[in-house]
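In what follows, a single structure is set out as structure tokens and then discussed.
The values are calculated or read from the model by the stated rules, or taken from the named source; none is laboratory data. These numbers come from a predicted model, not from an experiment. Glycine also receives a Cβ, built like all others from the backbone with ideal geometry; neighbour counts cover every protein chain displayed.
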């Protein structure tokens with residue numbers, strides 16, 4: 001089993017490749033390879049680019065030729081160790097027979113650095129400083145040339161929102177000194193394009209069986225990649241989405257499932273793993289698992305919950321003469337709006353992707369939408385379930401790639417807003433799986449800045465850039481501007497729909 005490993009040696013307790021003792025004692029050889037340009041390796045680190053993927057291909061084929069290998073190789077690991085599996089599987093190394101890649105993002109622009117087109121700097125800034133190195137090549141210069149590099153640096157230096165982030169100006173001013181060079185490259189590529197295309201999974205060529213998945217807590221990093229892989233991989237595959245959890249180092253949570261997977265594909269042992277339903281989902285609120293044949297779940301009823309005055313979220317479409325709501329977003333006041341359902345009259349299960357179709361305006365030429373979906377328990381305590389993001393100037397949709405429950409924004413150009421003009425914003429919210437108990441509420445929060453983190457993964461999802469210019473942001477909800485949250489109801493809510501006077505669901 002092979003997986004590349006970034007950074008210098010940090011001991012067995014740190015690696016994301018699992019505990020070697022587990023697989024070795026069960027008849028496997030485990031190989032961990034450091035990435036080019038890290039640790040004591042020569043060459044230049046390519047920040048998850050094409051060179052790293054080709055290196056991994058070569059390592060796999062080298063392993064297959066060793067006397068202690070029977071010629072069959074699998075890959076195993078989470079996070080960094082997971083995404084590289086998806087990427088190298090697209091090259092189909094002859095000796096690679098399967099991958100086991102839970103907790104791995106697959107689109108570095110959308111899943112990590114620019115969620116919804118909004119620069120999220122917290123995690124990448126902390127991670128990338130480990131690679132500060134004066135011999136690190138500027139990838140933007142290598143891809144686009146010196147003149148384009150200078151143009152991009154000048155433009156970034158004039159961005160007051162970007163320059164308000166501590167340390168970012170120093171990174172750009174000293175780009176050849178190796179001060180956090182990865183941060184320089186991600187700042188200089190704020191739109192999707194060639195830089196990010198090289199750092200995106202290529203599913204169409206993949207022929208390697210894949211086990212993917214994650215947990216509901218990683219909505220700000222890995223979780224979107226699992227569902228993207230499920231939709232696009234046309235190979236034997238399985239997906240498990242587990243409860244919110246932080247994976248231990250070395251991680252062990254999936255090791256017995258991984259053993260069944262490897263025994264089947266590498267040793268030819270019929271472990272029964274391919275006879276089971278391909279999808280396993282942990283349903284929060286029940287502490288039970290649910291099996292499925294496809295995603296989104298076939299029983300899904302897409303149910304719109306409309307925004308109303310008095311902070312109400314309801315299936316009733318609208319009332320006459322409804323007004324609008326607004327909040328201030330400025331360096332001295334970061335406002336927000338919240339909308340909640342009445343207490344639910346019966347248990348209601350929500351599993352799947354979510355969309356907020358929002359009508360809004362701003363007094364500025366830009367707006368940042370940061371959305372959270374919450375459960376409010378009968379005791380009044382709130383729990384963040386998932387989040388969504390969208391930069392207003394990136395509102396353009398690719399209609400051919402969009403679905404009613406999954407709008408796709410190309411993020412390849414920025415179109416400033418006209419102040420005070422009303423626009424429709426289709427904001428994708430990362431999938432979740434939760435049973436809302438009778439008496440609890442579904443709550444939607446709309447803001448333009450981060451909230452106080454509620455758990456460890458919020459640190460990763462947070463750290464988003466903030467607007468430095470003051471603005472008044474307005475949300476509209478009336479007959480002409482039916483702002484609504486589209487929820488995937490998989491069971492329950494029948495009585496609630498009847499009493500609300502709303503439509504039962506939308507049939508796409």
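In the stretch 415-437, the residues that are outside the structural domain of residue 395 (by TED's automatic domain parsing) and without any contact (Cβ under 8 Å) to a residue 12 or more places away in the chain form no Cβ pair under 6 Å with any partner that is part of a strand (DSSP E or B) and surrounded by fewer than 22 Cβ atoms within 10 Å (Cβ to Cβ), whether six or more places apart or across chains. Entry remark, the stretch 143-169: residues being under 19 Å from residue 122 (Cα atoms), without any contact (Cβ under 8 Å) to a residue 12 or more places away in the chain and surrounded by 13 or more Cβ atoms within 10 Å (Cβ to Cβ) number 2 in total. Taking the stretch 390-480 and the strands (runs of 3 or more DSSP E) fully enclosed by it, the elements with 3 or more residues that are touching a strand residue (DSSP E or B) at 6+ places or on another chain (Cβ under 7 Å) and more than 20 Å from residue 362 (Cα to Cα) are at 423-436, 441-447.
Cβ-Cβ contacts under 7 Å between residues 6 or more apart (or on different chains), taken from a first residue in the stretch 16-45 that is in contact (Cβ under 8 Å) with a residue 24 or more places away in the chain to a second residue that is surrounded by fewer than 15 Cβ atoms within 10 Å (Cβ to Cβ) and part of a helix (DSSP H, G or I), are listed as 30/24. From 345, 350, 355, grab the single residue that is more than 23 Å from residue 467 (Cβ to Cβ) and modelled with pLDDT under 95. Exactly one of 345, 350, 355 is more than 23 Å from residue 467 (Cβ to Cβ) and modelled with pLDDT under 95, namely 345.
Taking the listed residues 59, 78, the one that is in the same structural domain as residue 245 (by TED's automatic domain parsing) and in a loop (DSSP other than H, G, I, E, B) is 78, with no other qualifying. Scanning the stretch 238-252 for residues that are buried (at least 18 other Cβ atoms within 10 Å of the Cβ) and more than 20 Å from the chain's Cα centre (by Cα) yields a count of 3.
Results for (1) within 21 Å of residue 412 (Cβ to Cβ); (2) at pLDDT 95 or above, shown as yes or no for each residue.
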| residue | (1), (2) |
| --- | --- |
| 126 | no, no |
| 129 | no, no |
| 132 | no, no |
| 151 | yes, yes |
| 157 | no, yes |
| 165 | no, no |
| 171 | no, no |
| 183 | no, no |
| 195 | yes, yes |
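Outside the structural domain of residue 460 (by TED's automatic domain parsing), assigned to a strand (DSSP E or B) and either within 28 Å of residue 375 (Cα to Cα) or touching a strand residue (DSSP E or B) at 6+ places or on another chain (Cβ under 8 Å) (or both): is that true of residue 262 in this structure? Considered against the rule, which asks whether it is outside the structural domain of residue 460 (by TED's automatic domain parsing), assigned to a strand (DSSP E or B) and either within 28 Å of residue 375 (Cα to Cα) or touching a strand residue (DSSP E or B) at 6+ places or on another chain (Cβ under 8 Å) (or both), residue 262 comes out as no. Flag set for residue 105, criterion: assigned by TED's automatic domain parsing to the domain that holds residue 213, within 17 Å of the chain's Cα centre (by Cα) and not in a helix (DSSP H, G or I). Screening residue 103 on (1) out of contact with any strand residue (DSSP E or B) (no Cβ under 9 Å at 6 or more places or on another chain); (2) under 16 Å from residue 222 (Cα atoms) shows it passes everything except condition (1). A single entry from 405, 389 fulfils the requirement of being surrounded by fewer than 21 Cβ atoms within 10 Å (Cβ to Cβ), within 19 Å of the chain's Cα centre (by Cα) and either closer than 17 Å to residue 487 by Cα or at pLDDT 95 or above (or both): 405. Does residue 362 satisfy the condition of being crowded, with 19+ Cβ neighbours inside 10 Å, touching a helix residue (DSSP H, G or I) at 6+ places or on another chain (Cβ under 9 Å) and more than 28 Å from residue 420 (Cα to Cα)? No.
Filtered by the rule that a residue be out of contact with any strand residue (DSSP E or B) (no Cβ under 9 Å at 6 or more places or on another chain) and at pLDDT 75 or above, the stretch 1-28 gives 19, 21, 22, 24, 25, 26, 27.
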